[in-house]
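Reviewing the structure listed below.
Only the coordinates and a few stated rules stand behind these numbers; no lab work does. From a predicted model like this one, the values you see are computed outputs, not experimental measurements. Here the Cβ positions follow ideal geometry from the backbone for every residue, glycine too, while neighbour counts run over all protein chains shown.
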Amino acid sequence: MACMNLKILALGDIVGERAAQALCDNISTIRREEGVQFVVANAENVCLGSGNGLSAEWATRLLSSGVDVLTLGNHAYRQKCLYNLLDDRRDVLRPANFPPQNPGVGHTIIDCGVARVLVINVSGQQHLWYENAPSSPFDGVERILAETAGQYDLSVMDIHAETTSEKITLALHFDGVIDVIFGTHTHVQTADERILPAGSAFITDLGMCGVLNSGLGVDFSVVLERFRTGMPQKFTESAGEIHLCGAIFTAGNGKMAVERFVRRV
């Protein structure tokens, strides 16, 4: 990590279109008030009512509003309208350890004016259902780091994974190599933000952008019915106050800092 002063806001899974619109409406204000120069958000649950995933329209709207990079996960390919955008742009990422012939890329380097930021999106392998089985995230990230050596000033990794153990193992393996490491997918913000022994800033899960008093952003009655009957249910976004959850990572004087972020909107 080069000496710089850079603040990165990382936001957890955006659940539904209401949450996506709330982020669009507030991200410019948040950037100004928090002094943030770079924003990355996980967007794989924006299209909650139509099978999850992210549409090309919402990707464009979120990026135009002030998000610099969107990451995805196990629902990356649910919306076919996104496939061409994944191939054409480098600010919407699917997990890097998905099959290489699939649409899109799993890492990018963005110059935000203060620094060249490498962003890596990687998927866990444990207890996740995928249309596309991911390969080893450890091997995939190591290949990316070798390919991009010398091309960036600060590195960020989104680990989209189910188990805390897998996220923490990946984080410790890349401690001191990747500057900012966070987990997504479980929609619940963890209270373990910290600086790892070799200097990387880490939090196990950022949480979500959605309604906290819900079934992980989904209408509670729908989730309750699914648990009680075991029958498939169509997910709908919960009503109520939106919380934008994540973490702010600060790079300064060759050191990292991290603090949890929550904004009611």
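Return the FRET efficiency for the residue pair residue 32, residue 257: r is the Cβ-Cβ distance, R0 is 25 Å, and the value is rounded to the nearest 0.05.
Working: r = 20 Å, r/R0 = 0.80.
With a Förster radius of 25 Å, E is 0.80.
Taking the Cα of residue 195, stepping 7 Å toward and past its beta carbon, and measuring to each backbone N in the stretch 34-60: which are under 16 Å?
Of the residues in the stretch 34-60, none has backbone N under 16 Å from the label point off residue 195.
For the stretch 1-87, just run the numbers: alpha carbon Rg, then divide by 2.2 N^0.38 Å, N being how many residues it has. Walk me through the intermediate numbers first.
Numbers: Rg = 13.5 Å, N = 87, 2.2 N^0.38 = 12.0 Å.
Taking N as the residue count of the stretch 1-87, the ratio is 1.12.
When all C-alpha to C-alpha distances in the stretch 94-174 are sorted into bins of 5 Å, what percent of pairs does each bin hold, rounded to whole numbers?
In order of increasing distance, the bins hold 3, 14, 27, 24, 17, 10, 4, 1 percent.
If all Cα-Cα distances of the stretch 163-259 are sorted into 10 Å bins from 0 onward, what percent lands in each bin, rounded to whole numbers?
16, 36, 25, 16, 6, 0
When a footprinting reagent is the concern and you count Cβ atoms within 10 Å, what order do 55, 165, 65, 155 take, fewest first? Spell out each step's value before the answer.
Details: 55 20, 165 12, 65 16, 155 24.
Ordered from fewest to most neighbouring Cβ atoms within 10 Å, 55, 165, 65, 155 come out as 165, 65, 55, 155.
Could you please report the charge total around residue 42, scoring K, R as +1 and D, E as -1 over all other residues with beta-carbon less than 15 angstrom from its beta-carbon? All intermediate terms of the calculation are to be shown ahead of the outcome.
Numbers: positive: 78, 94, 167; negative: 13, 44, 68, 91, 158, 162, 205.
Its environment carries a net charge of -4.
Treating each Cα of the chain as an identical point scatterer and ignoring solvent, apply the Debye formula and state log10 I(q)/I(0) at q = 0.14 Å⁻¹.
-0.90
Step through the residues of the stretch 53-68 one at a time and calculate ³J(HN,Hα) from phi using the Karplus curve (6.51 cos²θ - 1.76 cosθ + 1.60, θ = phi - 60°), rounding each to whole Hz and writing x for Gly and Pro.
Once θ is set to phi - 60°, the couplings for the stretch 53-68 become x, 10, 8, 4, 4, 6, 4, 5, 5, 5, 5, 5, 7, x, 8, 8 Hz.
Looking at the chain as a GNM with Cα springs under 10 Å, which of 208, 231, 157 has the largest mean-square fluctuation?
Checking each option, the largest mean-square fluctuation is seen for 231.
Per DSSP helix of 4 or more residues, -39500 (n - 2.57); summed, then divided by the residues of the chain. What does that give at 222 nm, rounded to the nearest 500?
Numbers: 6 runs with 66 residues, N = 265.
After summing the helix terms and dividing by residue count, I get -7500 deg cm²/dmol.
Going by amide H atoms built from the backbone, whose H comes under 5 Å of the H on residue 46, apart from near neighbours?
Here the answer is 16, 53, since their amide H atoms fall under 5 Å of that of residue 46.
Rounded to whole Hz and in sequence order, give me ³J(HN,Hα) for the stretch 141-150 from the Karplus expression 6.51 cos²θ - 1.76 cosθ + 1.60, θ = phi - 60°, writing x for Gly and Pro.
Those phi angles translate into 5, 4, 5, 4, 4, 5, 5, 9, 3, x Hz.
Quick one: 87, 205, 111, fewest Cβ neighbours within 10 Å first, how do they rank? If you can, show how the numbers build up before the last one.
On the way: 87 13, 205 24, 111 10.
By the 10 Å Cβ count, ascending, the order reads 111, 87, 205.
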